[in-house]
Amino acid sequence: MEFQNKTVIVTGSTQGIGREIALKFGAEGANVVVNGIDIPLQKELAESACAEIRENGGKAEYMLCDVSKPEETDALIKFALEKFEKIDVIVNNAGITRDNLIMRMSESDWDSVLAVNLKGAFNVIKSAARTLTKQRSGVIINMASVSGVMGNAGQANYSASKAGLIGLTKSVAKELAARNIRCNAVAPGFIQTAMTDKLKEDIKETYLASIPLKRFGQVEDIANLVLFLAGDKAKYITGQVINVDGGLVM
Amino acid sequence: MDIFEKVKEITVEQLGVEEDAVTMDASFINDLEADSLDIVELMMALEEEFDIEIPDEDAEKIATVSDAVEYIKDKQ
């Protein structure tokens, strides 16, 4: 049990990639803070994720909040410290899409995606920074995307937010390295989740044709790398962006 | 406890230096080998301890232990 008694916060972990990450940490004995936004159904999803983690031997608590608001990320970090006393791993995974071609992309589509995906990660890191620097330890993992590495038609907002996360990752890695805090980014390619299920069939076909491994990824492919980066086996890795994409970007 | 003693205690804790090294004349950066992160953390610790706010432009002027003590005296 690699993460026994380690506190792990995973934002946006009520479903999709985040949920899988939370469950995998739980199965390794971690104390997991599950998070989602406070909208209908999220409470039920958070409760079921926590229940599954507990069944598999981990501890879990959830807090619903909006990571785009600094006072709410302050509260999230406080909640984690109250429940589990320290913070070992933070996975900034919360993310949304509002896809459209740039000519038809509204200002609010741009703003909301940047607010959650990019500012949300900044808020969580800032809220936790003091705790981590005092501890002289901690691992931060930001969920980027291949869209942020290579761009993607119809995702100007999303790819900008993910490219921004990569810059954030590298700056944080440099700033906090002196305090034994590592920060890396994971860039998933096409992973089967609710987020990608809503794409049109012909778009999926086009993607598939450009993926050397000729299949879409599964959430566990991402979770496996996140757990590796969070653990001691990755103790000399910081400031990196690692693609998990079947060879889509190389 | 007077202000100097309190500043000394916080400096020792934040920078991990010997108590004897924290004299009134000691420069945080040159004598106590603080880096930029140390300075930010030190200022935040002083803000908490003395319940004051130290704006960035003021923090830049606090170079020595006596600068910090004088600054806190003025603010209280």
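Once phi is turned into ³J(HN,Hα) by the Karplus curve 6.51 cos²θ - 1.76 cosθ + 1.60 with θ = phi - 60°, what whole-Hz value does each residue of segment B:10-27 show in order, with x for glycine and proline?
Working through the residues one at a time gives 5, 5, 4, 5, 6, 9, x, 9, 6, 4, 4, 6, 8, 9, 4, 7, 5, 8 Hz.
Taking the alpha-carbon distance from A:K69 and a cut-off under 19 Å, which aspartates and glutamates remain once sequence neighbours fewer than 8 residues away in the same chain are dropped?
A:D38, A:E107, A:D109, A:D111
Pairs of alpha-carbon atoms within less than 8 angstrom and 6+ residues apart define the contacts here; what relative contact order does segment A:111-245 have, in percent?
29
Among DSSP beta bridges whose residues both lie in the protein assembly as shown, state the antiparallel percentage, nearest 5.
Here the share of antiparallel DSSP bridges comes out near 5 percent.
Mind giving me the nanometre distance, one decimal, between the label points for B:E9 and A:I102, set 7 Å out from Cα along Cα→Cβ?
Result: 5.8 nm between the two label points.
Please compute the per residue accessible area over the protein assembly as shown with all protein chains in place, 1.4 Å probe, rounded to a whole number of Å².
50
Check every DSSP H run in chain A and write down those whose alpha carbon atoms cover 24 angstrom or more along the long axis and whose mean Kyte-Doolittle hydropathy is -1.0 or greater.
Taking the DSSP H segments of chain A (at least 24 Å long, mean hydropathy at least -1.0), we get A:156-176.
What average count of beta carbons from other chains do you get within 10 Å of the Cβ of residues in B:37-49?
2
Mind ranking A:Y236, A:Y158 by accessible surface for me, highest first, 1.4 Å probe?
Order by accessible area, largest first: A:Y236, A:Y158.
Would you mind giving the total buried accessible surface between chains A and B, with a 1.4 Å probe and ligands, DNA and RNA left out, rounded to the nearest 100 Å²?
Summing both sides, the interface buries roughly 600 Å².
How big is the charge dipole of the protein assembly as shown about its Cα centre, in debye rounded to the nearest 20, if each Lys and Arg gets +1 on its Cβ and each Asp and Glu gets -1 on its Cβ?
Dipole size: approximately 1960 debye.
The values are calculated or read from the model by the stated rules, or taken from the named source; none is laboratory data. Only a predicted model underlies this, so the values are computations on that prediction, with no experimental measurement involved. With ideal geometry, Cβ positions are generated from the backbone for all residues, glycine too; neighbour counts draw on all protein chains shown. Just the protein is used for accessible areas: all its heavy atoms, side chains included, with ligands, DNA and RNA removed. Shrake-Rupley method; radii C 1.70, N 1.55, O 1.52, S 1.80 Å.
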